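What follows is a set of notes on a single structure, which appears directly below.
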Amino acid sequence: MNVLLSTQWEMKTMPDLQSLIDSLPFYVIIVNEDHEIVLANKAVEQKLNVELRDIIGKYCPKVIHGSDGPVHFCPLEASAAHNKPIEFEYFEPSMTSWISSAIYPIEGMVAKNKRLFFHMVQDIDQRKRTEAELLQTVKRLDKVIHSTVKAITKTVEKRDPYTSGHQQRVSRLGEEIAKLMGLSDEQVAGIVVAGLVHDIGKIAVPLEILSKPGKINVYEYHLIKDHSETGYDILKEIEFPWPVAEIVLQHHERMDGSGYPRGLKGNEIIQEARVLSVADVVEAMSSHRPYRQAFGMEFALNEIKKNKGIMYDPDAVEACLEVIQKGFYFA
């Protein structure tokens, strides 16, 4: 290996460097700025089934990829100081595998007046397969969660036919409000699920009260108010990946502390609940109830505008008004 090295570490000899890279648990090729192989470790030798002396000085893309020019995913082409690994699918005649490739300049070391680069390649195929399997598992669990939530929703609405579809409509409007506000995907997903079950606590309210025509009395009103706490008690043992139980508990809280059950104020109310409360009020006021006729959408929007920043989160109100203005409607 007749390689001329000039280095700030004058005591480091070529055998020392060879021993060092041979000890590393991944493929290592030291190349110069012209893609010529200066050194490689035993792992490369074994992978290519060649003698090291036969590839020293050879053109790296030709040796590794059978290419007469640099391949598009070559990290040396991407940057002369590419210190972030590139992951890509590598196709070989007999198989396809995932590779992580990174290249680092070797400061203070040159060979024949050409800069040297430390090229590291790792086989990450198993990791990628594991990630893919995990993603499929997550998708299956997500499907189970949403199927369960839909079953719960139907159970509630079968008891209370007058509000059938209310939870789905609140969920849809809450989702659109959250998206327009720029909330995270996780927060949006939590609002969607919480919206679908936010009235689950009504299963503890006598059916004759839920379907009672005309005005309800104070006692009946307090029984209905308990539904948010009852819903929380039902949902708190379910390990959702979102704070569904807490959203359900807080969806009747108001920014000024006038809501229930805890009388929370402002930022004491989690953002998801502040969004859902606006969606819930708009849907409820614009829809028919056994004890009153529908007030209509205009009335509902005037209610949240009038109480923006007082009872309702101002950002959620503004987003809701914009969603409706853009053509959203309850199917």
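Figure legend. Inter-residue proximity from region 15-27: first residues at pLDDT 85 or above, second residues open to solvent by less than 70 Å² (accessible area, probe 1.4 Å) and outside any strand (DSSP E or B), beta-carbon distance below 6 Å, spacing 6+ or different chains. Indicated pairs: Ile21/Asn41; Asp22/Asn41; Tyr27/Ala43; Tyr27/Val44. Taken over region 255-289, the residue count meeting the criterion of being in contact (Cβ under 8 Å) with a residue 12 or more places away in the chain and in contact with a Lys or Arg (Cβ under 6 Å, 6 or more places away or on another chain) is 2. Among the residues of region 234-252, the ones that are at pLDDT 95 or above and part of a helix (DSSP H, G or I) come to 7 in all. Within region 299-315, the set of residues being assigned to a helix (DSSP H, G or I), within 16 Å of Gly259 (Cβ to Cβ) and touching a Cys at 6+ places or on another chain (Cβ under 9 Å) comprises Ile304 only.
Just a yes or no: is a residue in region 135-148 surrounded by 12 or more Cβ atoms within 10 Å (Cβ to Cβ), out of contact with any His (no Cβ under 9 Å at 6 or more places or on another chain), of a type in the set (A, V, I, L, M) and in a helix (DSSP H, G or I)? Yes, the conditions are met somewhere in region 135-148. Of the candidates Val282, Val275, Val323, the single residue that is among the hydrophobic types (A, V, I, L, M, F, W, C), touching a Cys at 6+ places or on another chain (Cβ under 8 Å) and crowded, with 18+ Cβ neighbours inside 10 Å is Val282.
Table: residues versus (1) of a type in the set (D, E, K, R); (2) under 18 Å from Ser147 (Cβ atoms); (3) open to solvent by less than 30 Å² (accessible area, probe 1.4 Å); (4) in contact (Cβ under 8 Å) with a residue 40 or more places away in the chain.
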residue	(1), (2), (3), (4)
Gly182	no, no, no, no
Ala204	no, no, no, no
Leu207	no, no, no, yes
Leu210	no, no, yes, yes
Lys215	yes, no, no, yes
Lys225	yes, no, no, no
Ile234	no, yes, no, no
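The set of residues in region 33-43 being touching a residue at least 40 places away in the same chain (Cβ under 8 Å) and farther than 10 Å from Gly57 by Cβ consists of Glu33, Asp34, His35. Residues of region 31-51 that are aliphatic (A, V, I, L, M), modelled with pLDDT of 85 or more and either open to solvent by 70 Å² or more (accessible area, probe 1.4 Å) or not in a loop (DSSP other than H, G, I, E, B) (or both): Val31, Ile37, Val38, Leu39, Ala40, Ala43, Val44. If you go through region 305-320 and keep only what is touching a Leu at 6+ places or on another chain (Cβ under 8 Å) and open to solvent by 40 Å² or more (accessible area, probe 1.4 Å), you end up with just Lys305.
The values are calculated or read from the model by the stated rules, or taken from the named source; none is laboratory data. For clarity, every value in this text was computed on a predicted model and none was experimentally measured. Backbone-built Cβ (ideal geometry, glycine too); neighbour counts: all protein chains shown. Side chains included, ligands, DNA and RNA excluded: accessible areas come from the protein's heavy atoms. Shrake-Rupley method; radii C 1.70, N 1.55, O 1.52, S 1.80 Å.
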